[in-house]
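Nothing in this text is a laboratory measurement; each read-out follows from the coordinates by a stated rule. Here the structure is a predicted model, which is why all the values come from computation and not from measurement. Cβ placement follows ideal geometry from the backbone for every residue including glycine, while neighbour counts extend to all protein chains displayed.
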Amino acid sequence: MKKLKIIGIGLILSLLTYSLLSIAFSNKVVESIIFFPIDPTVEMKIAKTDLVLLNDKDKEKYIVNWEVQSQTSDSVYLRQDISLLFEDGRLKAILSDWKGNSSELTQYATYSGKDSSRFLALTFHHGEIHHSDETITSTHKMSKDHLYIIDSSFSTLQSFKEVKSEEQKEWKEILDKVTTKQLEYYWEKAIDFFDIPVHNYDFYSLEEIIDSQESGLLGIDKVRSKIIIGKLWESLYKEYFLGIKTTAGTTIPPIDSSLPLILIAKDYSHLFILIETREGESIKLSQNLAVD
């Protein structure tokens, strides 16, 4: 770093002030997914996540291309998309981008893998709208994609999303069974550890939350469901995506943690998010669902 010359106290103070403001603004943007009332006038017209296997294979590893796209019906104050890539139920990569005063976002990334696996990408597309009367509203939508990859010495490298052969059917059953058993073990361990009264909650994997966004969560109308989903992702972003706080008080990256299980209280007062960290620690996150 170049040494600063003495250029005058006034200018130095100006530079320091500018730097501090820039840092403050940057931090605000980084932690910008905050739930605000749903705006009925702004629609998420495009919300898309796509996983594709690239044909080339380098040093026993294959490459998965990961693309996220979204577009709101109008330009808004802040657009942000976050995406989570899971392999066999474990988080392997995260993707995030934001843009001010815009309607569109597009992101690309690649992930190197090996061995046969089931990939799942889950994305939250978010827009924050600022109005002339200083009120703030929001819009959001979720999208997902999955991809099965067969990487075996007994067959050629291939991928599929929908089963088209007996071989693919067998691999899908194997990969689904392995992933489901592992996730059920992590979740049951957490439920027992925190002594959660299961009869008071409805259970959803994060993938099932996305599947239910059009019809509404179990027993909940679509408007209330959208509010719950918005608050859920606010919590996931701050306490999962940006890092997991352990019981020891340290914050660790979410990579290699499990796919979250969502427990929504039947009285809709709160929800829990259960995960297992890469070190095997059960974590419970809480989110208040009370409508202000």
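For this structure, a couple of remarks:
- Within the stretch 70-89: backbone nitrogen closer than 18 Å to the E188 label point (7 Å, Cα to C-beta): 89
- Dipole in debye (nearest 20) - the stretch 100-181, about Cα centre, beta carbon charges: Lys, Arg +1; Asp, Glu -1: 360 debye
- Dipole in debye (nearest 20) - the stretch 44-165, about Cα centre, beta carbon charges: Lys, Arg +1; Asp, Glu -1: 380 debye
- Within a Gaussian network of the chain (alpha carbon springs, distance under 10 Å), most fluctuating of L157, L105, L91: L157
- Which of H140, H131 has the fewest Cβ neighbours within 10 Å, and the rest in rising order: H131, H140
- FRET efficiency for the I227 to H146 pair, using the beta carbon distance and R₀ = 22 Å, is estimated at 0.25.
- Kyte-Doolittle mean at least -0.5, axial Cα span of 18 Å or more - DSSP H helices of the chain: 9-30, 222-236
- Packing-based order for 278-290, 262-274, using average beta carbon neighbours within 10 Å, highest first: 262-274, 278-290
- Two-site FRET efficiency, N55 against V178, from Cβ-Cβ distance with R₀ of 35 Å, rounded to 0.05: 0.85
- Think of each Lys and Arg Cβ as +1 and each Asp and Glu Cβ as -1; about the Cα centre, that makes the dipole of the chain roughly 1020 debye.
- Karplus 3J(HN,Hα) series, Hz, for the stretch 67-84 with 6.51 cos²θ - 1.76 cosθ + 1.60 (x for Gly, Pro): 10, 10, 9, 7, 7, 8, 5, 9, 5, 10, 4, 8, 10, 8, 10, 10, 9, 10
- FRET efficiency estimate (nearest 0.05) - Cβ-Cβ, F154 to I94, R0 45 angstrom: 0.85
- Of E67, E184, E128, the sequence from fewest to most neighbouring Cβ atoms within 10 angstrom is E184, E67, E128.
- Full-stretch length increase - H199, A248 - with 0.36 nm per residue and alpha-carbon distance subtracted: 14.7 nm
- Cα lying deepest toward the dipole's positive end in the stretch 175-288, options Y201, I273, W233, charges on Cβ: W233
- Charge-dipole axis of the stretch 44-165 as Lys and Arg at +1 and Asp and Glu at -1 on Cβ define it, positive-most pick from H125, S83, G100: S83
- GNM top mover of I38, I210, I196 - the chain, alpha-carbon springs below 10 Å: I196
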